[in-house]
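Remarks on the structure that follows.
The values are calculated or read from the model by the stated rules, or taken from the named source; none is laboratory data. Just so it is clear, the model here is predicted, and its values are computed rather than measured. Using ideal geometry, Cβ is built from the backbone for each residue, glycine included, and neighbour counts are taken over all protein chains shown. Only protein heavy atoms, including side chains, enter the accessible area calculation; ligands, DNA and RNA are left aside. Shrake-Rupley method; radii C 1.70, N 1.55, O 1.52, S 1.80 Å.
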Amino acid sequence: MLLKKVIDDIRARFKMSLSVKENGAEYPIFLESYNQITKEFVLKDDNRKIEVRIPYVLKLKDDVNPNEFSLYLLFNNESIENHIFQLNEGNYKKRLGWLFPLQALVSSNHDYSENTHFLRIAAVAFKKLVKCDYNQLDTQFDPKNIPDLQEQNGLNEFYQAGTIILILHKPAIQTISDFEITDYLPFLYRFGYSSMYNPSKKIHPNVKLEFIMDSQEPCIKKSITARPISKLLREEFFIKKLFSQSLNFEEHPIVRFYLLYQVIELLIDKIFHHRFKKIFAQLNLENENLWELQSKIQEALKELPRLNHLFNKYTKTRSEELRELCLKFLNMDPTSNQGLPKLIYSVRSELVHNYRQLNSKQFSLMNDINYYFELVIINVLISYTEESL
Amino acid sequence: MEILSKLMDQRINSLNFLTEMSVEEYLSLAKKILEKNEYQRKRVKKSNTVYALLKIDLVKGCLIPPLVLALPHTNLEITNEKLKAEIQKGNLLILDGLQRTYTLIELEKELKDKQDTDSLKKLYQQKLRIEIYFGINRLGILYRMLTLNTGQTPVTLRHQIEILYLDYLISGIDNIKLIREAEDETPDKLGEYKFDDTVAGFNSYIERDELPIDRLDILENIQGLEKLSKEDQNVDLFKEFIVTYNKLVLKLNDLSEGWIFDKEQLTLDGPPFGANVQKIFARSQAMTGFGAAIGILKDRKLIENFEDVRGLMEKIGADNVSDALNSLIKKLDEIKHTSTKIGPAQRIFFQYIFRELFNKEGDSFLNLNGAIEKGYRRYQSQI
């Protein structure tokens, strides 16, 4: 038991610190000091025989209390160095913190290298990363690397490529009731940020454009206004798992479609329960026309009407791009004004019932269909409401 | 100090003196050396087990292998007495034995702190053999430093360059001023560059790579060594590199006719890479791109040497200089907004520009507009 505890303590110590390799052995290292002349953070091992120097290339603005901030790690293996954003909260209209790639801490080539506000946050983030003072939303893997000891080791050598820093101001998030950062993950996912690291994950080329174009979402180049998923959906385990794991690692386009469609299934099931309860809440058996009642119940059971309700009443969801792709997939007249709910339902039916007859053109459309379908699903999750219905 | 032997190293055109001196004398000399060259002060902190054992052995009177120093000097005709006087000034470099030197200094301090006067006296009286290379040839010294560096404490090529050329920080080169990073000064006049950036540029030339990796393993440095070995050892190559680059900057400045970035004319998403020619080309990305490009062209026998490049510069032209520079700024801005790592991406772009500019078999030879356009297309094809 004692030996097990010792081993567990050693493992915990490794996990809670950066480490380097030297002569085949690994050494956990701990922050010792900052050298103002050489502009390096100096870390040493327990025996003070190994010294690691991590350069800090930005101007050090050290006048903010790091205890006022929480740091989370996200991942985006095609992240752009210049994608440095202030993160705002859409419902409360508050600034929560900053979101930027770790690369922005080890380079002075981006647009914020002279920005005082960013420099303050950068100093806090850098020190937290050096001390491994971060939160991981998915703990199934270690986001750290163990590099070989060099004359200098860059901070980016100690973390996976594509590491994104999400740093939140605690006083700000404390004003938001029931704040959970995981509720914002689907929104952040649409920009390629996820809680799990997958080096082979390809980001759709349109994701990069989202940052450049002035889209309908208030997502301009300098800030992102994030919205959480609907309160009614925050306990749904499947949704959390979808955006943290499943979509990150599932490559096959048909399976990805199925996974996304499961959200539709989940929500139309909720709609069924909601409408059913309403019917029974309003029921007055004395005066009720039972034939009409039967008709209402039958209607509530049908899938397509529930889909229509989902897209038009319980959310307000449109996607002309997805609609056109579905028309192509179904080989329908491109000028058809068939609505999105029916079209997405038809695509789903084709995949379920006629998979064996799909042609190569249909397969080739699946990646684009999934991209827009993801955006639709994220919008649906955020805007789903049962109020006034 | 006693001079035991004097031989000529024909390979690097330097005299090699084998000397013998006491540890006390060496320590006095070593402290002067380390004081004068801040880059030799940077100690690579590796596992100290080996050096801890060395300290114990030194106290017991062990003999350590010869340390190797270098004394850059213009005149190879020198008497032994004059050599001793030069050595005492301390303007030397430690080619091999830096960590052993630090070990001796630390041991001296430990014995003083313990007030172990007997051991200290014994240490001071021990003899050391010191080889001293004496001669002008820095490139030869760099070559010798790398080939000697098969010891336990590897040092990167870049670090060796820093050590070797540090005195240019003080003296400058012709009308070129080199600025130290620690001074927080930024180059803002023509002919001014950060010393670190010039070292990076020169390193890129030797490695033929605008993104040289700092390799500690001597075997991984072998390609750089092979390139060095083919260079004319009688030429101060670092000086050639800086002078040539500066000439290019001056030429481009002349061509620019006072061009300054105008935000009314060109809309960018952030600050420009540089607001004028000096600001653009004083940056590390441009210098490393230039170094790598010239190295690659030399390997392909499209240019002979830096003198050749300087000769070509007079003929550089541009259809419309303002358009060319605006195009360059715009492309650098696009790279900034689309790259996972901005610095390396911009270096690659500059490398392609200079390769196009000085490639006599290319369509954009000595044409600035063409070189920028073609360089960008080549950059895009690589990403």
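Values for this structure:
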item: Checklist (1) surrounded by fewer than 19 Cβ atoms within 10 Å (Cβ to Cβ); (2) in a helix (DSSP H, G or I) applied to residue B:301, failing item; result: (2)
item: Residues of the range B:351-377 that turn out to be within 18 Å of residue B:205 (Cβ to Cβ) and in contact with a strand residue (DSSP E or B) (Cβ under 9 Å, 6 or more places away or on another chain), as a count; result: 2
item: Residue in the range B:279-298 that is most open to solvent (accessible area, probe 1.4 Å), counting only those that are over 27 Å from residue B:179 (Cα atoms) and in contact (Cβ under 8 Å) with a residue 40 or more places away in the chain; result: B:296
item: Residue B:269 being exposed (fewer than 15 other Cβ atoms within 10 Å of the Cβ), free of Cβ contacts under 8 Å to residues at least 60 places away in the same chain and either farther than 29 Å from residue B:209 by Cβ or more than 14 Å from every other protein chain (Cβ to nearest Cβ) (or both); result: no
item: Matching residues, the range A:72-91, being assigned to a strand (DSSP E or B) and either open to solvent by 10 Å² or more (accessible area, probe 1.4 Å) or under 14 Å from residue A:159 (Cα atoms) (or both); result: A:72, A:73, A:74, A:75, A:86, A:88
item: Of all residues making up the range B:88-128, the number that are surrounded by 13 or more Cβ atoms within 10 Å (Cβ to Cβ) and part of a loop (DSSP other than H, G, I, E, B); result: 6
item: Test: residue B:381 is surrounded by fewer than 20 Cβ atoms within 10 Å (Cβ to Cβ), out of contact with any Cys (no Cβ under 7 Å at 6 or more places or on another chain) and within 20 Å of residue B:321 (Cα to Cα); result: no
item: Subset of the range A:349-377 (residues that are surrounded by 14 or more Cβ atoms within 10 Å (Cβ to Cβ) and β-branched (Val, Ile, Thr)); result: A:369, A:376, A:377
item: Checking residue A:122 against (1) surrounded by fewer than 21 Cβ atoms within 10 Å (Cβ to Cβ); (2) under 28 Å from residue B:347 (Cα atoms), the condition it does not meet; result: (1)
item: Candidate set from the range B:360-377 (those that are free of Cβ contacts under 8 Å to residues at least 40 places away in the same chain and open to solvent by 80 Å² or more (accessible area, probe 1.4 Å)); member that is farthest from residue B:333 (Cα to Cα); result: B:363
item: Any hit, the range B:226-241, residues being open to solvent by less than 70 Å² (accessible area, probe 1.4 Å) and modelled with pLDDT of 90 or more; result: yes
item: Pairs where the first residue, in the range B:239-250, is under 17 Å from residue B:353 (Cα atoms) and the second is of a type in the set (Gly, Ala, Ser) and in a helix (DSSP H, G or I), C-beta under 9 Å, 6+ apart; result: B:245/B:201; B:245/B:286; B:245/B:291; B:249/B:286
item: Those residues of the range A:92-141 which are outside any helix (DSSP H, G or I), within 14 Å of another protein chain (Cβ to nearest Cβ) and not β-branched (Val, Ile, Thr), in sequence order; result: A:100, A:101, A:107, A:108, A:109, A:110, A:111, A:112, A:113, A:114, A:115
item: Hits in the range A:237-254 - residues which are open to solvent by less than 50 Å² (accessible area, probe 1.4 Å) and more than 16 Å from the chain's Cα centre (by Cα); result: A:253, A:254
item: Among residues of the range A:169-184, those that are closer than 24 Å to residue A:120 by Cα and open to solvent by less than 20 Å² (accessible area, probe 1.4 Å), counted; result: 3
item: Filtered residues of the range A:82-91 (kept if hydrophobic (A, V, I, L, M, F, W, C) and within 11 Å of chain B (Cβ to nearest Cβ)); result: A:84
item: Selection from the range A:138-160 of residues that are within 16 Å of residue A:76 (Cβ to Cβ) and buried (at least 19 other Cβ atoms within 10 Å of the Cβ); result: A:138, A:143, A:156, A:159
item: Hey, residue B:345 part of a helix (DSSP H, G or I), away from chain A (no Cβ under 14 Å) and either closer than 20 Å to residue B:380 by Cα or without any contact (Cβ under 8 Å) to a residue 12 or more places away in the chain (or both) or not; result: no
item: Which numbered condition residue A:166 fails, given (1) over 18 Å from residue A:62 (Cβ atoms); (2) more than 12 Å from every other protein chain (Cβ to nearest Cβ); (3) open to solvent by 10 Å² or more (accessible area, probe 1.4 Å); result: (3)
item: Where a residue in the range A:373-389 is among the aromatic types (Phe, Trp, Tyr) and its partner, wherever it lies, is surrounded by 14 or more Cβ atoms within 10 Å (Cβ to Cβ) and not in a helix (DSSP H, G or I), with Cβ under 6 Å and at least six apart; result: A:384/A:230; A:384/A:315
item: Search result, residues across the range B:309-336 that are surrounded by fewer than 21 Cβ atoms within 10 Å (Cβ to Cβ) and touching a His at 6+ places or on another chain (Cβ under 9 Å); result: none
item: Residues of the range B:330-342 satisfying the condition of being more than 7 Å from chain A (Cβ to nearest Cβ) and under 28 Å from the mean Cα position of the chain (by Cα); result: B:332, B:335
item: Some residue of the range A:211-221 being open to solvent by less than 40 Å² (accessible area, probe 1.4 Å), within 14 Å of chain B (Cβ to nearest Cβ) and modelled with pLDDT under 85; result: yes
item: Complete set of residues in the range A:142-161 that are touching a helix residue (DSSP H, G or I) at 6+ places or on another chain (Cβ under 9 Å), part of a loop (DSSP other than H, G, I, E, B) and within 10 Å of chain B (Cβ to nearest Cβ); result: A:150, A:151, A:161
item: Filtered residue count, the range A:40-70, keeping only those that are open to solvent by less than 70 Å² (accessible area, probe 1.4 Å) and either under 17 Å from residue A:127 (Cβ atoms) or at the interface with another protein chain (Cβ under 9 Å from one of its Cβ atoms) (or both); result: 18
item: Residue in the range A:87-95 that is farther than 22 Å from residue A:183 by Cβ and either within 28 Å of the chain's Cα centre (by Cα) or of a type in the set (A, V, I, L, M, F, W, C) (or both) present; result: no
